[in-house]
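Colleague: Sharing a structure below in structure tokens format, with a few things to ask.
A short reminder: the numbers here are calculations on the coordinates, not readings from a lab. What you are looking at is a predicted structure, and each value in this text was computed from that prediction instead of being measured. Because the Cβ atoms are built from the backbone with ideal geometry, glycine has one as well, and the counts that use them run over all protein chains shown.
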Amino acid sequence: MVIYTLPQPNILKGSSYALLAFFLMAIFGVLTKSASVEGSIYWVSLLTYATGLALMFPMVYKEGVEAFRTSHIGYHLGRVGFGLAASLLYTLSLREVPLVNATLLFNAAPLFIPILSLFMLKQKVSMFTWWAVLVGFIGIVIIIKPTASIVEHPGNVIGLASGISLAIAYVFIKMLSPTDSIERIVFYFFFFSTCIQLLFLPSFSDQPPSWHTIGFSLAAGIAFYYAQMSLAKAYEYATAPEVGTFQYSSVVFVGILDWMIWKQVPPISDLLGVLLVIVAGFLIMKNSNLSKKVSLPISPYDSTNSNPFEN
């Protein structure tokens, strides 16, 4: 059993690691979008997850195989299935809509967690949270513009589906958090995601990725892995609600990068929708006990110790 020594709380260090993590997630979005320009989404995803898995092996070697045993493989597979779906849908949406829209809708997961937990976990949700969810959904409607043309241009709907899938994955993480350390959860996520995608390799073997796709996908995997580790460090020094406050900074980062690289600026209506979703997500994470447990799926602590997802 691994025993962690908890460092003294330090909001400055926690905030710095959180900002670094969400900046790396913005870089991950940029690299993923660049990788998918020429290559298939399959190769982009496989190479990204395989890179993350490879970077986890030193930790597995150091901690030993015993530290990664689990008796809840079903929950892990549920987390993997919806987490991988969220990632694939996010990558697909990047081809159809501006990076800001795709990233915002991907990060809209906190809006769906109260609804999912009401039905999946039978947890009570406060009226304040429901009002915040309503504000967020108004923002989503403004962004996706549900008209007849949405069938021809489904990018925003695909992005929304990625956020819903991510929210379900978060619920599975909550189910796992009492018994499995976050390192174990992340390891199985990378491991099973890579294995599942390898099953489809014969179908894509005659469509090898270009060096452009390989390079950007490997870089995306590195950014994704270190974003996970930076968030883990953030939780060593700050609580989940404090770290969660910075979640939507990734939307600001991608907005700047989208403008610098692709010269894309969302219309005013989209920016209004983005603002409403950010405000709603922020309120949910700051005022809901639920958000303190599952707003972000990263924690460095073993379940036998103080867990920042718990009050």
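Colleague: Evaluate the Kirkwood expression for the hydrodynamic radius of the stretch 11-287, namely the inverse of the mean inverse distance over all pairs of different C-alpha atoms, and round to one decimal in Å.
Modeller: Working: mean 1/r = 0.0521 Å⁻¹.
The Cα-based Kirkwood calculation yields 19.2 Å.
Colleague: Calculate the length of the line joining the C-alpha centroid of the stretch 57-108 to that of the stretch 169-195, in whole Å.
Modeller: 9 Å
Colleague: Quick one: putting +1 on the C-beta of Lys and Arg, -1 on the C-beta of Asp and Glu, what dipole do you get for the stretch 11-287 around its Cα centre, in Debye to the nearest 20?
Modeller: 480 debye
Colleague: Taking 27 Å as the cut-off for C-alpha to C-alpha distance, list the pairs among LYS122/LYS145; LYS33/LYS122; LYS174/LYS286; LYS13/LYS62; LYS62/LYS122; LYS174/LYS233 that go past it. Present the calculation step by step, with values, prior to reporting the outcome.
Modeller: On the way: LYS122/LYS145 32 Å; LYS33/LYS122 38 Å; LYS174/LYS286 18 Å; LYS13/LYS62 25 Å; LYS62/LYS122 39 Å; LYS174/LYS233 19 Å.
Beyond 27 Å: LYS122/LYS145; LYS33/LYS122; LYS62/LYS122.
Colleague: For each of THR91, THR179, THR51, count neighbouring Cβ atoms within 10 Å of the residue's Cβ, then give the residues from fewest to most. Let's see the in-between values first.
Modeller: On the way: THR91 24, THR179 13, THR51 21.
Ranked by crowding around the Cβ, least crowded first: THR179, THR51, THR91.
Colleague: Arranged by the count of other C-beta atoms within 10 angstrom, fewest first, what order do ARG184, ARG95, ARG79, ARG69 take?
Modeller: Numbers: ARG184 22, ARG95 13, ARG79 27, ARG69 9.
So the residues, fewest neighbours to most, are ARG69, ARG95, ARG184, ARG79.
Colleague: Here's something else I'd like to know. In a shell of Cβ-Cβ distance under 14 Å around LEU166, excluding LEU166 itself, what net charge do Lys and Arg (+1) and Asp and Glu (-1) give? Each step should come with its number before you reach the end.
Modeller: Working: positive: ARG79, LYS174; negative: none.
Value of the local net charge: +2.
Colleague: Separate question: Of SER165, SER217, how do they rank once you tally other Cβ atoms within 10 Å and put the fewest first? The partial results should precede the final answer.
Modeller: Numbers: SER165 23, SER217 26.
So the ranking, lowest neighbour count to highest, is SER165, SER217.
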